Amino acid sequence: MAIRNRNFGISLSILLLTAVVSGCSAPGSRQEPSRLRTAEESEYRRLLAEAQQLSFTLDFNQLRRAFVASAEYNPHGGVKLAGLPEAYGAVESAEFGDCLEYVDRVLDSNYMSLEAHMIGVVCSGQAGDFEREDRHRYMVEGLMSSIESSGDGRTQDSAYQTISTSELRGFVRLKGLQVLDQDIVYDREGIYDKMRVRDPESGEEYPLFFDVSRQFAREMDNRKE
């Protein structure tokens, strides 16, 4: 299935530009798996299967929400996943076969890793595996479109909605932006990652906001469990 969109420019230069609910039980009772968590897990696995089949009708917003609600969700989303640093290193050294092996290692643990699919596009294209390139490109385009549909990032009110540290980092890299400064902003509406970025092509500098409330909320839930 050929779905490559050559206007979607994932280049090697961009890649190298910058190197819920926890179950509760009454005191003294044995804690059982939550029916809600089981339903959420089932929903995520159903939507993930659609993604792996390159469904043209898949709602990536729904997929990302289901992922956050599932037990498989990692708020860091790739930072602590084995294989991701090695995949970046393999891109830099042009070892594209090794790169794809590292990408597979990441995706086995987290198929929602934007960074892993981003690297996968480059490495599979360089390796001449265009069917695989299509699979990675499908995920990158879907995840990027989902984030972009959440706002424009120019203010807290229109902040991009991201669900993991890795997703945020991959988004910025794919936009080709240089991060100059970064702060966490708290207010009554949520928690935001505020970045000062520069567009290398135009030289323009401006603030960019990401709503990371869901990520922080889930991380706090994990600490309570």
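The values are calculated or read from the model by the stated rules, or taken from the named source; none is laboratory data. Fair warning: this is a prediction, and the values are worked out from it, not measured in the lab. Methodologically, a virtual Cβ is constructed for each residue, glycine included, from the backbone with ideal geometry; neighbour enumeration extends over all protein chains shown.
Structure values in brief
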quantity	calculated
Subset tally (residues that are out of contact with any helix residue (DSSP H, G or I) (no Cβ under 7 Å at 6 or more places or on another chain) and either more than 23 Å from N74 (Cβ to Cβ) or among the β-branched types (V, I, T) (or both)) for region 154-164	5
Condition broken by A66, with the remaining ones in (1) closer than 18 Å to T165 by Cβ; (2) assigned to a helix (DSSP H, G or I); (3) among the aliphatic types (A, V, I, L, M) satisfied	(1)
V121 being at pLDDT 95 or above and surrounded by 22 or more Cβ atoms within 10 Å (Cβ to Cβ)	yes
Helices (runs of 4 or more DSSP H) enclosed by region 106-225 - at least 2 residues per element that are out of contact with any Asp or Glu (no Cβ under 6 Å at 6 or more places or on another chain) and more than 30 Å from S55 (Cα to Cα)	213-224
Which listed residue, of R218, R188, is at pLDDT below 90 and exposed (fewer than 14 other Cβ atoms within 10 Å of the Cβ)	R188
Where P75 falls short, out of the listed (1) assigned to a loop (DSSP other than H, G, I, E, B); (2) over 14 Å from Q126 (Cβ atoms); (3) at pLDDT 95 or above	(3)
Scan of region 42-62 for residues that are aliphatic (A, V, I, L, M) and more than 13 Å from Y138 (Cα to Cα), ordered by number	L47, A49
Residue list for region 191-202, filter: loosely packed, with under 10 Cβ neighbours inside 10 Å and either under 21 Å from the mean Cα position of the chain (by Cα) or charged (D, E, K, R) (or both)	E201
Matching option when the condition is buried (at least 19 other Cβ atoms within 10 Å of the Cβ) and more than 21 Å from E72 (Cβ to Cβ), among E141, E167, E148, E133	E133
